[in-house]
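Below is one structure, written out as structure tokens; the observations come after it.
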Amino acid sequence: MSFKLELNSDWLYVYKGDKDDPILIGSYTGRDIPADLDTTSHVVQLVLQTDCQYIDEGFKIYFHDQGICGGHITGQSSGYIYSPNYPGQYHNNLICTWTIEVNSQKGVKMTPVSFSLEENFDWLYFYKGELEDYTFIGAYSGRFVPVSASNSYVIW
């Protein structure tokens, strides 16, 4: 992460929670890179406030979800999906659905970085296509899942 704001004049405010009632979890200025921020909220707002004088390079921040059970991912060209509590153990009796949607002229290539499910008891199901008209690709358990491509995946 890089972080360069005009000290005490330009600020980055980070909030968590609902946009109608956000909770401030950090405010940052200057050149000190903020520590990692972990939040259990699925909504995080970043507000950059600058003055009318000096300008600086700004910032670049990497984010990822904390293994929320499911979600709809759209408008991103790449990213990660984590099982709940990853890299710790996931909980019993989960049903999580992730939908990955990219531009219709593009395909989705998924490369498992780490894959470990209880063999023959816990399963990851792959589907491709639209939610209303999807095609089953495969069901995977254990420690191996093949890579494939399509415009949109629904993962159960």
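Quick look at the numbers
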| read-out | value |
| --- | --- |
| PHE121/ILE68 FRET efficiency (R0 22 Å; Cβ-Cβ; nearest 0.05) | 0.45 |
| Eligible lysines near LYS109 by straight Cα distance, threshold 22 Å, same-chain separation 8 or greater | LYS128 |
| Relative contact order of the range 2-60, pairs being alpha-carbon contacts under 8 Å that are 6 or more residues apart, as % | 49 percent |
| Sorted by Cβ density within 10 Å, fewest first, the residues TYR28, TYR82 | TYR82, TYR28 |
| Semi-axes of the equivalent ellipsoid for the range 2-60, Cα gyration tensor, largest first, Å | 23, 13, 8 |
| At R0 = 41 Å, FRET efficiency that the Cβ-Cβ distance of GLN89 and GLU57 yields, to 0.05 | 0.50 |
| Rounded FRET efficiency, nearest 0.05, which uses the C-beta distance separating LYS19 from GLN49 and R0 of 22 Å | 0.85 |
| Distance in nm between pseudo-label sites at LYS4 and ALA35 (7 Å out along the Cβ direction from Cα) | 2.6 nm |
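All of the numbers you see were taken from the coordinates with simple rules; none came from a lab. Since this is a predicted model, take the numbers as computed values, not measurements. Positions of Cβ are backbone-derived with ideal geometry, glycine not excepted, and every protein chain shown enters the neighbour counts.
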